[in-house]
Amino acid sequence: MEKIFTLTVMMFSFSGILLLGLEIPEELGEAYRFEYRVIIIQNPLIWISYPAFIDLPNVDALNAAVEKFVEEMWEKWKEELAYAQKNLVKYHQQVDYYLTFEINWLSEDLVSIVFQDSAYTGGAHGQPSIKVFNYNLKRKRIIHLKDLFKEEVDYKRQINEKVKKWLEYALTIEEFETIKDDDQFSINRLGIEIILQVYEYTPYAYGSPRILICYDELQGFNDWFLNVIKKGRWY
């Protein structure tokens with residue numbers, strides 16, 4: 001694999017100040033500027049992209065954690081892709097792998113990045129999946145769902161009710177009982193998004209269902225996370 005290029009993306013900052021032709025009126029509140037580069041690794045068979053941040057607290061630890069996260073997603077598939085490519089050539093087919101990202105929350109306290117990948121090793125279609133990188137910048141560690149709530153709070157019960165209600169209106173192939181400790185979730189300006197995997201509870205046509213639960217629908221957040229929400233430093 002070869003690193004082809006990096007792309008720098010700039011976010012916009014400071015109310016009332018002209019930046020790159022965009023002015024943010026003071027009435028809309030204070031805004032913040034964040035910068036990151038997009039690292040792209042690609043050849044005719046693969047496309048891998050992920051962010052490398054420039055100016056955030058503990059940025060070196062953050063970037064190292066992001067790169068490790070992406071590497072683990074790639075490691076899951078690289079040997080199988082290489083093996084499959086040897087066998088697909090004779091059928092005039094080739095493997096395919098992509099990994100892309102979207103940033104759902106970006107502040108001086110918290111980063112939430114949704115990574116989506118898909119590997120084609122033969123058959124009718126690729127095998128997609130979603131993994132979310134939720135990171136506490138101040139403590140320099142990955143955040144799990146339980147870390148957002150006070151210890152005594154039964155957060156799973158609250159979330160289970162919302163997921164079950166959503167699945168009532170979907171075609172399902174597996175009965176849902178409860179969320180698991182390693183289930184994927186993202187954090188955005190509206191609430192917490194519970195992400196189900198392809199074929200986990202619904203047919204392939206549903207993709208990876210993303211179930212948004214607004215903050216006011218959940219109780220028992222810990223003080224740290226409530227403060228993060230209150231600051232609301234998203235883009």
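Miscellaneous remarks
- Residue in segment 52-70 that is over 19 Å from residue 137 (Cα atoms) and in contact (Cβ under 8 Å) with a residue 12 or more places away in the chain present: no
- When segment 159-179 is filtered for residues that are open to solvent by 60 Å² or more (accessible area, probe 1.4 Å), under 22 Å from the mean Cα position of the chain (by Cα) and farther than 25 Å from residue 226 by Cα, only 166 remains.
- Members of segment 211-233 that are open to solvent by 40 Å² or more (accessible area, probe 1.4 Å), in a loop (DSSP other than H, G, I, E, B) and touching a Leu at 6+ places or on another chain (Cβ under 8 Å): 233
- Single match in 131, 165, 140, 146 (criterion: over 30 Å from residue 71 (Cα atoms) and among the charged types (D, E, K, R)): 165
- Some residue of segment 198-210 being assigned to a strand (DSSP E or B) and not charged (D, E, K, R): no
- Scan of segment 60-84 for residues that are among the hydrophobic types (A, V, I, L, M, F, W, C) and either more than 14 Å from the chain's Cα centre (by Cα) or open to solvent by 60 Å² or more (accessible area, probe 1.4 Å) (or both), ordered by number: 61, 62, 64, 74, 77, 81, 82, 84
- Condition check for residue 182: loosely packed, with under 13 Cβ neighbours inside 10 Å and at pLDDT 95 or above: no
- Segment 31-48 residues that are of a type in the set (Gly, Ala, Ser), paired with ones that are open to solvent by 20 Å² or more (accessible area, probe 1.4 Å) and not in a strand (DSSP E or B) (beta carbon under 7 Å, 6 or more apart): 31/12; 31/14; 31/15; 31/24
- Residue in segment 85-135 that is modelled with the lowest pLDDT, counting only those that are open to solvent by less than 10 Å² (accessible area, probe 1.4 Å) and small (Gly, Ala, Ser): 107
- Verdict on residue 204 being surrounded by fewer than 18 Cβ atoms within 10 Å (Cβ to Cβ), of a type in the set (Phe, Trp, Tyr) and within 20 Å of residue 114 (Cβ to Cβ): yes
The values are calculated or read from the model by the stated rules, or taken from the named source; none is laboratory data. Everything quoted here is computed from the prediction, not taken from an experiment. Neighbour counts are summed over all protein chains in view; Cβ atoms, including those assigned to glycine, are modelled from backbone coordinates with ideal geometry. SASA here: full protein model, heavy atoms, side chains in, ligands and nucleic acids out. Shrake-Rupley method; radii C 1.70, N 1.55, O 1.52, S 1.80 Å.
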